[in-house]
1. Tell me, what is the FRET efficiency for Arg335 and Ile254 to the nearest 0.05, using R0 = 30 angstrom and their Cβ-Cβ distance as r?
2. How large is Rg/Rh for segment 198-341, to two decimals, with Cα atoms and a Kirkwood Rh?
3. If exposed GluC sites (Glu not before Pro) are those in a DSSP loop with at most 11 other Cβ within 10 Å, what is the longest stretch of the chain that has none?
4. How long are the semi-axes of the ellipsoid equivalent to segment 174-266, from square roots of 5 times the Cα gyration tensor eigenvalues, in whole Å, largest first?
5. Based on Cβ point charges of +1 for Lys and Arg and -1 for Asp and Glu, what charge dipole magnitude is obtained for segment 198-341 about its Cα centre, in debye rounded to the nearest 20?
6. What percent do you get for the relative contact order of the chain when only Cα pairs under 8 Å and 6+ apart count?
7. Mind jotting down the distance between the C-alpha centroids of segment 209-275 and segment 298-349, whole Å?
8. Step through the residues of segment 224-241 one at a time and calculate ³J(HN,Hα) from phi using the Karplus curve (6.51 cos²θ - 1.76 cosθ + 1.60, θ = phi - 60°), rounding each to whole Hz and writing x for Gly and Pro.
Amino acid sequence: MQFALTQEQEMIVETARGIMADFRPSLRTTIDHPDGFDRTQWHTITAELGLGSLALPAEQGGAGLGLVELSLVAMEMGRALFPSPFLTSIGAALPLLRHCGSDEQIDRHASAIASGDSIAAVASGAKLRLEGGQLSGEALVAFGHVADVLIVLADGQALLVPTGGLRIERLTSMDLSRPLARIGFDGTPAEPMRRADGVDRALDEARVALAAECVGGADAALAMTVDYSQQRIQFGRPIGSFQALKHRMADMLIAVEAARSAVYYAAAARNEHSVEAASAAAIAHATAIDTFEHIAAGMIQIHGGMGFTWEHDAHLFFKRARGSATLFGTPAESRARLATMLGLDEEDQ
C-alpha cells in the first residue's frame, strides 16, 4: 500500500482545505438556513470543483479515483464542520447506487448525484415495511428534507424512491450542522435495486467516509484546545504548561493519529480490493467515532466555562460527534461485526 499522499491527492486536500477555510466564518449563518446548507457552496464543491465525482468510475462520468480521495475531502469537511449533504448523498447514497443498482438506474441517477444536481439520502430503520412493492412506516433521514431521491434499505432490499408526495418533516436535531427529517411512507411505490448483496460493501464505504469526517472534526477540536491552552493564563502561566494537561493533550493527539491511520488503511484496503477491507472499515468506523467523542468532550472540559457557552463552537463539535455515532450504525455494531469476523458467537462473548 502507498503510505504517503500522491501529488494528485495533495492537490485534492489543498483544494478542499481552501474551500473550507473560505466557508468557516459562515458556519453559524449556514446552519440557520432553512435548507441547513448553502446551495451556492454545494454547487461549488460538486459541480465546479468536481469533488462529488471523485470516487465515481470514469465510465460513469466520474474522476475514476476512489475512497482514499473521497475520505481526504470528508476529512477537510469534518475539520470545518461543513454542513452539506456531501456525506449522505456522495458518501453513502452514491456507493449504494453503484453497488446495488442496475446499469439503467446508475445511468439515470449517478452523474446527477455526483454533480450535485440531484441530492440523494439514505433511509433505513426498524419501522420500515415492504409489502407488494410498497413501503410503509417512517424513518429519520439526514438531510432528508432536501433530498430529491431516497435509497431505502428495508427487509433486506435496497429500493429507489422519489421524494415527491412523501410526508417530510424537518426536525430540530441535536447536531445543528446535520439536520434530520422524519419521512413517512404510506403505501409508497418503491423501485427495487438489482443487487442486495452490494449493501454491505456500500455501507462500509459510507462508514469509512464518516470516519474520515470524524477524524477531521477531532483534529480541529484538538487544535482549538491546544491553542486555547497556550493563551489561557492561570497562576501566572499558560494552562498548557501544566503537566497534567500536557500529557492529556498528548494522549488526545495519539488517539487522533491512530484514528487517522485506521481511516487511511480502511480506504486504501477498499481501493485495492483487499480481503481485509470489511474488517478495516469496521475498525476505522468504531475508532474514529469514539475518538471524536473523546476529543470533543475533552475540548469542552479544558476550555472550562467558556466551553459550555452557546457562542463557542465547542458544543457544535460535541454534537456533531454524538450525532455521527448513529448515522450508519453505532461503534458497538461495528465491534459486533468484527467479533463475527473473528468467529465469535454470542456464547463466546
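Laboratory data are not the source of any read-out in this text; all were calculated from the coordinates shown. None of these values were measured; they are calculated from a predicted model. Neighbour counts are summed over all protein chains in view; Cβ atoms, including those assigned to glycine, are modelled from backbone coordinates with ideal geometry.
1. With a Förster radius of 30 Å, E is 0.90.
2. 1.06
3. Values: sites that count: Glu311, Glu346, Glu347.
Longest run free of exposed loop sites: 1-310.
4. 43, 19, 7
5. Here the size comes out at about 360 debye.
6. This gives 16 percent for the chain.
7. One Cα centre to the other: 14 Å.
8. 5, 5, 4, 4, 5, 5, 8, 9, 6, 9, 9, 6, x, 8, x, 5, x, 8
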